[in-house]
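Notes to accompany the following structure.
Where a number appears in this text, it was derived from the coordinates with a stated rule and is not lab data. This structure is a prediction, so every number in the text was calculated from the model and none was measured. So basically every Cβ, Gly included, is an ideal-geometry build from the backbone, and we count neighbours across all protein chains shown.
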Amino acid sequence: MRADAQRNIDAIAAAAVDCLSRDPDASVNEIAMAAGVGRVTLYGHFPSRADLVDAAFARAIEDGDAILTAVDLDGDPRAAMTRLIDASWQLVNQFRSLLVAAQHTLPPGRIRDLHAEPADRMRGLIARGQADGVFRTDLPDSWLISVIQNVMHGAADENHRRPPQTRRRGRFHLRHGPCRPHPTGPPRSIGFATTAPRVPVLGSIRSAHAWSERRHRVQPNSRGHLKG
């Protein structure tokens, strides 16, 4: 491939990430203008909007994975999980609108495939915590990962519903997570805390899927917890 063609591809993909991270409905024209190329050039490399969204989302995942790879996962698995969730939340919050564009455009299987490496990283940490006896073993790791991901995405949704001037990009840390063992039996609730943004925490949930369906319907109580 010619060097100028590769430069155009990189510029278009970067512009797509930037535009779609601000507006999931950003048009191909907007992205082409941001990349400094014409529509013909853009379509020459990305024949459809779906191809463009796919490239942008894959690029964001790849760039984000480089950040997550740098997170220190050594030592106490609980502290490592807090660090991993904090770093993951920053990315989820940053690329929330891009994810919306991907969900509206790409097959669910493609989105899952692109998330495979970050999920595997969390799965490995959960396995280590379970082996050390600090993470619960009565639920499958896929369920635990789904809960964590749904809470982060729910927090990002809540943050983006705020007026722009009140949105925050603060840390998101685990307080009492779904991985924590409960020696007296299954927990009645699962809690997460944030320093900023302040978002509702998860409570009284039987499954990540059930919570995902309810998260836009429940309201936080006076303590900031969702009523089960």
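The residues of region 39-61 that are of a type in the set (Lys, Arg) and crowded, with 16+ Cβ neighbours inside 10 Å, listed by number, are 49, 59.
Residue 37 falls short on exactly one of the conditions (1) in a loop (DSSP other than H, G, I, E, B); (2) within 20 Å of the chain's Cα centre (by Cα), and that condition is (2). For first residues located in region 16-31 and in contact (Cβ under 8 Å) with a residue 12 or more places away in the chain, partners that are surrounded by fewer than 21 Cβ atoms within 10 Å (Cβ to Cβ) and lie 6+ apart or on another chain with Cβ distances below 6 Å form the pairs 17/59; 19/30; 19/34; 21/97; 24/97; 24/100; 28/49. Among the residues of region 1-38, those that are surrounded by fewer than 15 Cβ atoms within 10 Å (Cβ to Cβ) and of a type in the set (S, T, N, Q) comprise 6, 27, 29.
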